[in-house]
Structure formats: C-alpha cells, structure tokens
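One structure below.
The values are calculated or read from the model by the stated rules, or taken from the named source; none is laboratory data. These numbers were taken from a predicted model, which means no experiment stands behind them. All Cβ positions, glycine included, derive from the backbone under ideal geometry; neighbour counts span all protein chains shown. Note: accessible area is taken over every heavy atom of the protein model, side chains too, but ligands, DNA and RNA are not part of it. Shrake-Rupley method; radii C 1.70, N 1.55, O 1.52, S 1.80 Å.
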Amino acid sequence: MKTKIIALSSLLFLSAFTSCTSLLTPAILGNNMGYMPKAMGADSIKTLTSVSASYAGSISPSAGTDFELGMANISRSHTFKKSNISYGMYGYIGKASGGDNDNTEENLKNYLPAFKKSISGVGLRLSAGLHKTSANGNTDFRYINFENAVSFEGGDYTNFRQEVYNSHIPDYVAVSNKKILWTTGLSTEVIWRVRDNHDFRHAFRFFLGGTPNFANSFRSGLKAYDEINGKNSFGWVFNYFLYIKRFSLSYELADNVNYAQKISFGYSFQ
C-alpha cells in the first residue's frame, strides 16, 4: 500500500508503519486534549481569556488514514490559591485521505479505494486541578489535573465511515462509527517565569487518558480483526507552551488513538 505522510508528521511515526490494515478512526482524536493557558499563582490577575489558532496533523494507528486540520480555540481560566479551573470550546475543519490506488477487483476485496473527504466538528474542554506555587512565586507545580474533552464530529469523512461500517468491510479494513467522543484523564504540568522578566514563561504538560468504550465502536474485515482485538484507547499527550507578553506558542505531540502533532499560536486577554 502507498502511504502518504502529511507535512506535520515526524519520523517518530515511522515505527507505526508496520501494518497493511487501514483503520478509519475519528479525525480529532490525538488533537482534542488541547492546552488551555492559566494565570500563575503569584499573578495579580487570576483570570485569563485566551484565543488561538492551530494547525494539526495526524495519522491513524496503522498509517492507513491521514488527517490535516485547522482549528480555532477559545478558553477561560481561573486561578485560585491552591487550585485552578479552565473551560473552553474549539472548532475544526480539514480533510482525511487514505485508501489504495489499485482499484482492481481482487484488491478491493482487501482494501478501500483511494479517498479524500472533508472533516468538520466542534468540541468542549474542561480542566480542574491542584497546584503549588514556589516560595519565590516564579514556578507553579500543577501536579494533578482532571481533564475532559467532548467532540462532535461531522463532514463527508464521518458519513463515509458510517457507510463503510454499515456495508461489507474489506478484509484489511477496520472502522469506527463514533461521532461523539469523550476523552478523559489526568495530567501534570510545571510552568515557570523568567526571574527578571515575568512576561516570559515556559511550561511542560503531560497527559494520560483515553476515550471510554471507543474500542467497542469498531467493525472490521476478516484480516483486520487481530489488529483491533484487545486494543484500547489509552494514550498520552505532551505539550510545550511558551508565553511572551500575552502572546503564546504551543507545540503538542500525542499518541492518543491517532499519532498526532499540533502547533498553536494564541493571545490571552486579562
């Protein structure tokens, strides 16, 4: 099978390119647990409203389907003495592509024909956690956060997944019919500001979690069954966040059903 690697995908994904199975997964998975900026414990202003735009790329677990997404995000956060809460929403549009260019009858018994479909969706995010501020006020240890995202996915690709799910499935294809997705889990984060310039900040965040009942949403062809049997949606997300005078940059790497990367540019209102 011919595999296309989207521009944002890295060589880290090459370890996944060991299967000929095509998995039709929801496009947003891997890019739904986005970073929501928060004020630090020592800041005089404790509430932030943040907006950002993202470019995201991902690939399904067997490298059978590629996704490219443009995302818009808005969030609001409140920081208290020892706790914090953030909530927001996001929307996305993009495209999914995959399948095989060999449309002979024999090949179509095993694989899907080549396709390129539109994607669109919206979602909600919620994060609540505990933190400890260092004695000098320059570092916050956000040691545990409970995070959630609910996504509602539509577009031609979602309709295509439903059609494949309800039809005879080629031998090397597995497909999920999920359109509403809830991902939940725990994260930990550290953020610090430069001692001589408090408008210059860095943060690292690590999330572990999954999408309940996702594995049960699949149907597969005969040869793809072993690829999904016993699998679950447990995965991770890593973020680097840079904040300079209300402007921000966030880089995200994830193995959360799909292998994903995302870069975001934003602005925070105080």
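Its relative contact order, with pairs defined as Cα atoms under 8 Å and 6+ residues apart, puts the range 39-144 at 24 percent. Site pair K82 and Y267 shows an inter-label distance of 3.8 nm when each label is modelled 7 Å from Cα along Cα→Cβ.
Picking from E68, E106, E163, which is most flexible by a Gaussian network model of the chain using Cα springs under 10 Å? Of the options given, E106 has the highest mean-square fluctuation. Accessible surface of M36, taken over heavy atoms with a 1.4 Å probe and every protein chain present, rounds to 10 Å².
Restrict the search to the range 78-146; then list the chymotrypsin sites (Phe, Trp or Tyr not before Pro) that DSSP places in a loop and that have at most 14 other Cβ atoms within 10 Å of their Cβ. Here the sparse-neighbourhood loop sites are F80. Once the 1.4 Å probe is applied to the protein heavy atoms, the range 110-152 comes out at 46 Å² accessible per residue. Straightening the chain between A72 and E106 buys 8.0 nm, computed as 0.36 nm per residue apart minus the Cα-Cα spacing. Using a probe radius of 1.4 angstrom, the carbon and sulfur fraction of the accessible surface of the chain is 60%. Counting only protein heavy atoms and using a 1.4 Å probe, the accessible area of D226 comes to about 120 Å².
Between F200, N166, N73, the Cα set farthest toward the positive side of the dipole of the chain (charges on each charged residue's Cβ, about the Cα centre) is that of F200. At a probe radius of 1.4 angstrom, the accessible area of the range 56-107 per residue rounds to 42 square angstrom. Spin-label pair T47-F206: with each label point 7 Å from Cα along the Cα-Cβ axis, the two points sit 3.4 nm from one another.
To test your reading of the geometry: what angle, between 0 and 90 degrees and rounded to tens, separates the Cα axis of helix 156-165 from the longest principal axis of the chain? With rounding to tens, the tilt is 50 degrees. Heavy-atom accessible area for K223, with the other protein chains in place and a 1.4 Å probe, reaches approximately 100 Å². The 1.4 Å probe gives accessible areas that order D196, D43, largest first, as D196, D43. When the chymotrypsin sites (Phe, Trp or Tyr not before Pro) in the range 164-214 are filtered for DSSP coil states and for at most 11 other beta-carbon atoms within 10 Å of their beta-carbon, no site remains. Computed from the C-beta positions of N166 and M89 and an R0 of 35 Å, the FRET efficiency is 0.70 to the nearest 0.05.
Dipole check for the chain: with +1 at the C-beta of Lys and Arg, -1 at the C-beta of Asp and Glu, and the Cα centre as origin, the magnitude is about 1100 Debye.
Think of the range 92-156 as having a plus end and a minus end, set by charges on the Cβ of Lys, Arg, Asp and Glu; of T139, S120, G154, T139 sits farthest toward the positive end of this dipole.
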